Amino acid sequence: MQKLPGDTFGFRFTVQSSTGASVNADTLPTAVMIRNGALDSTPVITITNISTGVYMATGTIPSSYVAGDEVQIQISATVAGISSVQLRAYDTIDTQRTGQVYSEVGVGGSSLTNLGDARIANLDATVSSRSTYAGTDTPGVSRLLALAGDNQGIRNETYDANNNPLSYDICGYDTAAHASLNDGSTGLIYKWTVTNTFTSNNLGPSNTQRIT
C-alpha cells in the first residue's frame, strides 16, 4: 500500500500459539519502524488488543521521510515464552499517490493545458496544422528553410537517350517566391551540381559538388 510522508497508518495482526490457535501474547506486543532496512525507533507505534489474539497497530509515517524510502513495520510478540517477529511492508514512500496524478492530468490528459505552463498552452492546434511554415522570414530562418528543401528549385537538367538524369543543379533560395522564380541568382543561398552515370539504365557513381 502506497504511503506519503506524514500519512497515518493502521493495520491488524494476529498472534497464535504453537498449535495455531489465536491467543493473546504474554505481554502487549511491540512494534518498530524499519526505514530502508534500518530500525528507526523514533516513530511511535501504538499497539491495541482488539480481541483474543487480534491486535491493532497504528502510527504515522514521519514527515522527514522522502520519496524512495522503503518502509516496514516490525512486530514482536511472545507467546508461552517463545518470541516471534512479523513484518508489514508499506512499499516505497512517494510524494504523490497515483490517484492524485490521475486527477491532475485528467481523463485523456484534459487537464494538461491547465497546468499554468505557457509551453503547454501553446499546444493549441493539431500537429498537422503546423506542417506549413507561417512565421516571419529572417536570414537564419530563410537559410534553414532552403536547407530543409522548402525553398528549393531544380535547374539545368540534362538527360541521356533513355531519359536518365545525367546532371542538374539544386538551388536553395531565401524565399518561396524566389524559389518559384528559380532563375539561379535572385535570392540564391546555395547551389549544388549533381552529375550521374548510368549503366544499362542503372545508376552508377554520382558526384555532388557545391558551386555556391
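The values are calculated or read from the model by the stated rules, or taken from the named source; none is laboratory data. Everything quoted here is computed from the prediction, not taken from an experiment. Reconstructed Cβ throughout: ideal geometry from the backbone, glycine too, with neighbour counts over all protein chains shown.
Side notes on the structure shown:
- Against the conditions (1) surrounded by 15 or more Cβ atoms within 10 Å (Cβ to Cβ); (2) in contact (Cβ under 8 Å) with a residue 40 or more places away in the chain, I45 satisfies every one except (2).
- Residues of region 1-16 that turn out to be in a loop (DSSP other than H, G, I, E, B) and modelled with pLDDT of 95 or more, as a count: 1
- Scanning region 65-82 turns up one or more residues that are among the hydroxyl-bearing types (S, T, Y) and surrounded by 17 or more Cβ atoms within 10 Å (Cβ to Cβ).
- Region 156-212 holds no strands (runs of 3 or more DSSP E) entirely within its bounds that carry 1 or more residues that are of a type in the set (G, A, S) and touching a His at 6+ places or on another chain (Cβ under 6 Å).
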